[in-house]
Amino acid sequence: MAATAVVALGLTGCGSPSSNNGNKPDSGNGAITTQTSSIDAAAKGPAAAVPGAKNGGVLTVYSASTPNTFDPTDTYYSDSLAIGRLLYRTPTQFVVRDGKSVLVPDLTDVGSVSDDKLTWTFKMQPGIKYQDGSEIKVEDLAYAIKRSFARDLYPNGPAYQMQYFKGGDTYKGPYVAGGDKFDGVETQGTDTLVIHLTRAFADLPFFMTFPLFSPIPQAKDTKADYKNKPISSGPYEFDTYTPGVELKLKKNPNWDANTDAARHNYVDGYDFKWGGEDVKTQQQVLNSNGPDASALNYADVDSTLVPQVTGDKKAQLVSGESPCTYVWQMDTTKIPLEVRKAIAKAWPYDQTWKAAGVSDLIGQKASTFMPPGVPGYQAYPAVTDLSGTGTGDAAGAKALLEAAGKTGFEVSWYYDNTKPISQQVSQVRADALTAAGFKVKAIGVTTADLRTKISDYSAPVNMAQGPRGWCSDWPSGGSWLPVMFQSHSVADQTSWGMQQDKTVDAQIDAVANMPADQAVSKWAGLDQAMMEKYLAIPFYYTKMGIVVGTNVGGAQGDPGAGMPAFYDIYLKS
């Protein structure tokens with residue numbers, strides 16, 4: 001689910017604390033390495049200064065993909081998460097140190113857990129304020145957590161709380177009768193947040209870096225309208241916002257750097273401009289004429305620009321890693337297994353790679369769901385026709401369809417009809433499947449509508465619903481298999497394949513309930529079992545490769561799914 005890669009693929013979701021995001025330009029061609037995670041419970045603000053950093057100026061940020069919401073409760077796309085770190089403070093936070101992701105305290109400490117592992121206690125930092133100068137209260141944290149259970153209004157945010165928090169499977173949020181009471185969360189005094197679980201969740205402090213845990217005063221909750229002007233607790237706040245087009249941020253005068261161990265506010269503001277063609281704006285950034293010298297594009301650098309960023313403009317390439325995998329999923333409730341196998345047989349992997357503008361700088365061809373960066377990953381032998389490579393076998397696919405009595409089976413998906421790359425990728429896939437005997441219905445929609453359309457599981461399509469990619473929420477298979485492949489994944493809108501299989505649910509739960517050191521070796525076997533069901537076509541594991549203007553300093557990869565660390569960037573002059 002993130003808007004971090006090629007616009008043709010569209011959308012990848014979630015956060016990803018990768019430990020290997022580099023802060024220097026390089027070729028980007030190395031193999032992806034495994035993540036680690038660590039905690040610095042004693043970290044305090046202010047964050048260590050970025051060497052050479054200066055204050056002032058406005059950073060322009062380009063991307064063709066368009067965030068569809070800035071409601072912290074509903075945020076789960078990588079670009080929205082990265083931008084949200086400028087706006088929202090959360091109980092805990094990630095900071096990048098020497099290219100590694102480290103969990104540090106933010107609004108609270110990193111928590112302590114009871115002996116039975118079912119109760120977590122977090123102590124708040126005193127005196128932290130919202131943009132209007134009012135003090136953040138522990139009740140605001142509790143209310144934000146309760147708000148995340150109103151899935152009818154906020155269906156796109158993370159859903160771990162529904163599985164782990166006590167009463168989370170039945171609680172419907174604060175807007176219903178009796179919604180002020182929830183067994184999963186309580187406050188004690190003026191500074192203590194307590195979370196009660198139904199089962200052990202050792203990764204809870206990592207989960208609490210997500211925006212859904214950012215405080216919201218109940219009296220200022222405007223529900224569906226909150227996304228248009230959320231209340232800031234971070235170093236920046238909304239200035240002006242035109243949904244789908246542009247967001248301008250300005251400094252939050254009530255943010256106190258001395259209380260923040262993770263972020264800076266070097267630039268005076270940010271001007272996010274969405275919807276333009278990435279190749280065009282990437283070239284503008286590389287040319288760095290006028291204002292574009294103080295700009296960056298956060299989409300993956302297009303393959304046509306590789307000669308420049310590996311040549312005389314090498315200093316303008318920022319490389320890093322991102323523990324994400326892009327796929328093209330298939331709805332198993334609408335497409336029978338034999339047809340899914342025929343789709344895989346026909347799949348134009350190599351043509352898609354080329355049409356999407358993917359290069360070794362930004363990707364590594366995939367044959368598994370979990371990427372190599374996740375602990376426990378294994379490069380098991382590729383499942384038949386799911387190797388991530390090849391030009392497709394139209395004749396073989398047609399034979400499979402004929403044998404199944406499914407010649408002319410209709411496949412359908414959404415694509416962005418305003419962007420040439422998206423159109424090219426859709427056409428490549430349509431041509432390959434048509435040649436294999438399928439009837440193809442590719443539905444063009446605007447950039448601004450694409451995320452909403454692919455997030456609608458009741459939409460009249462049977463392929464490529466969201467998320468079209470996934471990134472680790474933290475370094476564990478536990479942020480992959482349970483999220484993507486269990487029955488609840490459909491209701492959570494995080495499903496690959498739309499399967500609802502109680503046997504699979506039990507298999508995944510059995511591993512998830514193991515101690516972390518025992519579970520790590522078990523996830524790959526489940527990954528292979530899911531791949532053998534032909535739930536999705538694997539495409540590539542992501543790397544971060546973005547371009548920045550010549551006046552941009554301090555750019556490095558953010559552990560949040562291969563995005564730039566906006567909070568460390570400064571302008572040289």
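The values are calculated or read from the model by the stated rules, or taken from the named source; none is laboratory data. Note that this is a predicted model, so its numbers are computed, not measured. A quick note on method: Cβ atoms are made from the backbone with ideal geometry, for glycine too, and the neighbour counts reach across all protein chains shown. The area values use the complete protein model at the heavy-atom level, side chains included, leaving out ligands, DNA and RNA. Shrake-Rupley method; radii C 1.70, N 1.55, O 1.52, S 1.80 Å.
When segment 181-216 is filtered for residues that are among the aliphatic types (A, V, I, L, M) and part of a loop (DSSP other than H, G, I, E, B), the ones remaining, listed by number, are ALA200, ALA202, MET208, ILE216.
Being assigned to a loop (DSSP other than H, G, I, E, B), small (Gly, Ala, Ser) and open to solvent by 40 Å² or more (accessible area, probe 1.4 Å) is true for just one of GLY157, GLY168, GLY178, GLY173. Which residue is that? Walk me through it before giving the result.
Values: GLY157 fails: open to solvent by 40 Å² or more (accessible area, probe 1.4 Å); GLY168 fails: open to solvent by 40 Å² or more (accessible area, probe 1.4 Å); GLY173 fails: open to solvent by 40 Å² or more (accessible area, probe 1.4 Å).
The unique qualifying residue is GLY178.
The criterion of being in contact with a Gly (Cβ under 8 Å, 6 or more places away or on another chain) and either part of a loop (DSSP other than H, G, I, E, B) or not hydroxyl-bearing (Ser, Thr, Tyr) (or both) holds for GLY408.
Restricted to helices (runs of 4 or more DSSP H) entirely inside segment 478-573, those with at least 1 residues that are in contact (Cβ under 8 Å) with a residue 60 or more places away in the chain and among the acidic types (Asp, Glu) are 488-492, 523-531. Here LYS248 meets the list (1) under 30 Å from ILE421 (Cβ atoms); (2) buried (at least 19 other Cβ atoms within 10 Å of the Cβ); (3) not aromatic (Phe, Trp, Tyr) almost entirely, failing just condition (2). Only one of the listed residues (THR281, THR192) is open to solvent by less than 30 Å² (accessible area, probe 1.4 Å) and under 25 Å from THR92 (Cα atoms). That residue is THR192. Within segment 107-118, residues that are over 18 Å from ALA142 (Cβ atoms) and among the small types (Gly, Ala, Ser) reach partners that are outside any loop (DSSP other than H, G, I, E, B) and open to solvent by less than 30 Å² (accessible area, probe 1.4 Å) with beta carbons closer than 9 Å, at six or more positions or on different chains, in the pairs SER114/TRP120. Looking across segment 129-149 at every residue that is among the aliphatic types (A, V, I, L, M) and touching a residue at least 60 places away in the same chain (Cβ under 8 Å), the one that is surrounded by the fewest Cβ atoms within 10 Å (Cβ to Cβ) is identified as ILE136.
Conditions tested, residue by residue: (1) among the aromatic types (Phe, Trp, Tyr); (2) open to solvent by 40 Å² or more (accessible area, probe 1.4 Å); (3) in contact with a His (Cβ under 8 Å, 6 or more places away or on another chain).
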position	(1), (2), (3)
ASP300	no, no, no
GLN308	no, yes, no
ASP312	no, yes, no
VAL318	no, no, no
TYR326	yes, no, no
MET330	no, no, no
ILE335	no, no, no
ALA342	no, no, no
LYS345	no, yes, no
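For segment 416-445, filtered to residues that are hydroxyl-bearing (Ser, Thr, Tyr) and open to solvent by 60 Å² or more (accessible area, probe 1.4 Å), the residue that is nearest to PHE70 (Cα to Cα) is THR418. Just one of (1) more than 25 Å from ARG97 (Cβ to Cβ); (2) modelled with pLDDT of 95 or more; (3) crowded, with 21+ Cβ neighbours inside 10 Å fails for THR222. It is (3).
Does at least one position in segment 357-378 carry a residue that is among the hydrophobic types (A, V, I, L, M, F, W, C) and either open to solvent by 40 Å² or more (accessible area, probe 1.4 Å) or part of a helix (DSSP H, G or I) (or both)? If you could, list the steps in order and put the result at the bottom.
As a first pass, look at segment 357-378 and keep what is among the hydrophobic types (A, V, I, L, M, F, W, C): 358, 361-362, 366, 369-370, 374.
Okay, now just the ones that are also either open to solvent by 40 Å² or more (accessible area, probe 1.4 Å) or part of a helix (DSSP H, G or I) (or both), so none.
No: segment 357-378 contains no residue that is among the hydrophobic types (A, V, I, L, M, F, W, C) and either open to solvent by 40 Å² or more (accessible area, probe 1.4 Å) or part of a helix (DSSP H, G or I) (or both).
Go over the candidates ASN265, ASN258 one by one and state the one that is open to solvent by 20 Å² or more (accessible area, probe 1.4 Å) and either over 30 Å from ASP106 (Cα atoms) or in a loop (DSSP other than H, G, I, E, B) (or both). Break it down into steps so the answer makes sense when it comes.
Numbers: ASN258 fails: either over 30 Å from ASP106 (Cα atoms) or in a loop (DSSP other than H, G, I, E, B) (or both).
Of ASN265, ASN258, the one residue that is open to solvent by 20 Å² or more (accessible area, probe 1.4 Å) and either over 30 Å from ASP106 (Cα atoms) or in a loop (DSSP other than H, G, I, E, B) (or both) is ASN265.
Take segment 360-405 and flag every residue that is modelled with pLDDT under 95 and among the small types (Gly, Ala, Ser). Within segment 360-405, GLY363, GLY373, GLY376, ALA379 meet the criteria.
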